[in-house]
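Report on one structure; see the data block that follows.
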Amino acid sequence: MDLDWVEPGAPARTLLLVLHGLEGSSRSHYAVGLARAAAARGWRAAVLHFRSCSGELNRASRFYHSGETGDLDEVVRGLLAREPGLALLAAGVSLGANVLLKWLGERGEDAPRRLAGAVAISTPFQLTPCTRALDTGLRRRVYTANFLRTMRAKVRAKAARDPAFARLVDLPAALRARTFAAYDRAVTAPLEGFADELDYWTRASSAPWLPRVRRPTLLLNALDDPIVPPAALPDPRALPPCVRAEFPRHGGHAGFIEGGWPWRARSWAERRAVEFLAGCLADAGGA
């Protein structure tokens with residue numbers, strides 16, 4: 001696992017950990033925006049790259065997926081052990097938001113006390129309707145085709161280097177895949193121990209874990225998100241008291257552009273995320 005770091009120049013005891021979306025990285029616009037906003041407040045920032053997303057393939061015979069929380073847990077525990085005085089904040093976008101929320105729910109009351117707050121942006125809370133939306137119409141030609149192009153390339157490179165990996169997946173089907181259903185059936189399910197793609201989508205979704213979240217958390221999703229249908233959003237009335245939902249009418253997927261276009265355009269979600277996290281930090285007695 002690789003982390004990219006942003007240091008504000010002076011020693012800082014507050015760290016914003018950013019989790020990117022599917023096939024994203026520290027170069028993704030939202031990761032850059034969140035890191036810059038953190039640095040403007042004097043915080044450090046680190047982008048956790050999911051396996052194979054930093055520019056080099058990971059060595060193990062596996063990748064990452066929407067519900068894999070073990071790597072995040074290991075990184076958080078390592079950061080807190082390395083820096084006993086660290087105040088931690090977290091923000092996830094899209095797939096990274098799903099991972100973050102699922103991890104918070106899995107940990108429940110055992111989530112680190114030094115995690116002052118978390119923000120999830122454009123979360124695919126229920127993977128089945130979100131994936132089916134991606135596999136149809138214009139979204140399939142725009143979003144899915146773009147994602148699967150790099151995912152198939154990684155599968156091809158991984159299989160050439162790692163015979164064990166090639167035996168675990170259905171390589172011909174993976175290289176033919178033009179939908180997430182086909183790809184997850186050929187790669188994610190057999191590689192990660194799921195029965196099939198539906199089993200993966202069901203068990204990796206963060207929605208069932210939301211009632212167990214026990215740290216201050218903000219959910220930001222747009223009602224016009226082309227990837228996350230409104231029906232896939234959680235009912236704000238059913239959320240725990242520590243979880244706040246803000247679902248504006250417009251914003252798209254990880255967009256939320258505000259200001260004059262194009263010269264003064266910026267992301268409302270990134271600004272709102274850092275404002276919320278700053279409030280959580282103040283409530284926790286941090287700076």
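So which of Gly85, Gly92, Gly96 ends up being in the same structural domain as Ile227 (by TED's automatic domain parsing) and either out of contact with any Gly (no Cβ under 9 Å at 6 or more places or on another chain) or of a type in the set (Asp, Glu) (or both)? It would help to see each step written out before you state the result.
Numbers: Gly92 fails: either out of contact with any Gly (no Cβ under 9 Å at 6 or more places or on another chain) or of a type in the set (Asp, Glu) (or both); Gly96 fails: either out of contact with any Gly (no Cβ under 9 Å at 6 or more places or on another chain) or of a type in the set (Asp, Glu) (or both).
Among Gly85, Gly92, Gly96, only Gly85 is in the same structural domain as Ile227 (by TED's automatic domain parsing) and either out of contact with any Gly (no Cβ under 9 Å at 6 or more places or on another chain) or of a type in the set (Asp, Glu) (or both).
So in region 130-160, with the set limited to residues that are in contact (Cβ under 8 Å) with a residue 40 or more places away in the chain and among the hydroxyl-bearing types (Ser, Thr, Tyr), which one is farthest from Ser206 (Cα to Cα)?
Thr150
Could you tell me which numbered condition Val142 fails, if it satisfies all but one of (1) modelled with pLDDT of 95 or more; (2) surrounded by fewer than 21 Cβ atoms within 10 Å (Cβ to Cβ); (3) out of contact with any Ser or Thr (no Cβ under 8 Å at 6 or more places or on another chain); (4) hydrophobic (A, V, I, L, M, F, W, C)?
Among (1) modelled with pLDDT of 95 or more; (2) surrounded by fewer than 21 Cβ atoms within 10 Å (Cβ to Cβ); (3) out of contact with any Ser or Thr (no Cβ under 8 Å at 6 or more places or on another chain); (4) hydrophobic (A, V, I, L, M, F, W, C), Val142 violates only (1).
Return a yes/no flag: does region 221-233 have any residue that is in contact with a strand residue (DSSP E or B) (Cβ under 9 Å, 6 or more places away or on another chain), within 22 Å of Ala38 (Cα to Cα) and surrounded by 14 or more Cβ atoms within 10 Å (Cβ to Cβ).
Pass one, region 221-233, residues in contact with a strand residue (DSSP E or B) (Cβ under 9 Å, 6 or more places away or on another chain): 221, 233.
With the extra rule that they be within 22 Å of Ala38 (Cα to Cα), the set shrinks to 221.
Checking which are surrounded by 14 or more Cβ atoms within 10 Å (Cβ to Cβ) leaves us with 221.
Yes - at least one qualifying residue is present in region 221-233.
State all residues of region 272-286 that are part of a helix (DSSP H, G or I) and in contact (Cβ under 8 Å) with a residue 40 or more places away in the chain; if no residue qualifies, say none.
Step one: list which residues in region 272-286 are part of a helix (DSSP H, G or I), which gives 272-283.
If the condition is that a residue be part of a helix (DSSP H, G or I) and in contact (Cβ under 8 Å) with a residue 40 or more places away in the chain, then Arg272, Ala273, Val274, Phe276, Leu277, Ala278, Gly279, Cys280, Leu281, Asp283 are the ones that fit.
Please verify whether region 29-37 includes one or more residues that are in contact with a His (Cβ under 8 Å, 6 or more places away or on another chain), outside the structural domain of Phe180 (by TED's automatic domain parsing) and closer than 21 Å to Val274 by Cα. Don't jump to the end; show me each part of the working.
So in region 29-37, the residues in contact with a His (Cβ under 8 Å, 6 or more places away or on another chain) come out as 30-31.
Filter once more, keeping what is outside the structural domain of Phe180 (by TED's automatic domain parsing): 30-31.
Imposing the further condition that a residue be closer than 21 Å to Val274 by Cα reduces the set to 30-31.
Among the residues of region 29-37, at least one is in contact with a His (Cβ under 8 Å, 6 or more places away or on another chain), outside the structural domain of Phe180 (by TED's automatic domain parsing) and closer than 21 Å to Val274 by Cα, which makes the answer yes.
The values are calculated or read from the model by the stated rules, or taken from the named source; none is laboratory data. Predicted model only: the values in this text are computed from it and were never measured. Counting neighbours? That spans all protein chains shown, and the Cβs are built from the backbone with ideal geometry, glycine included.
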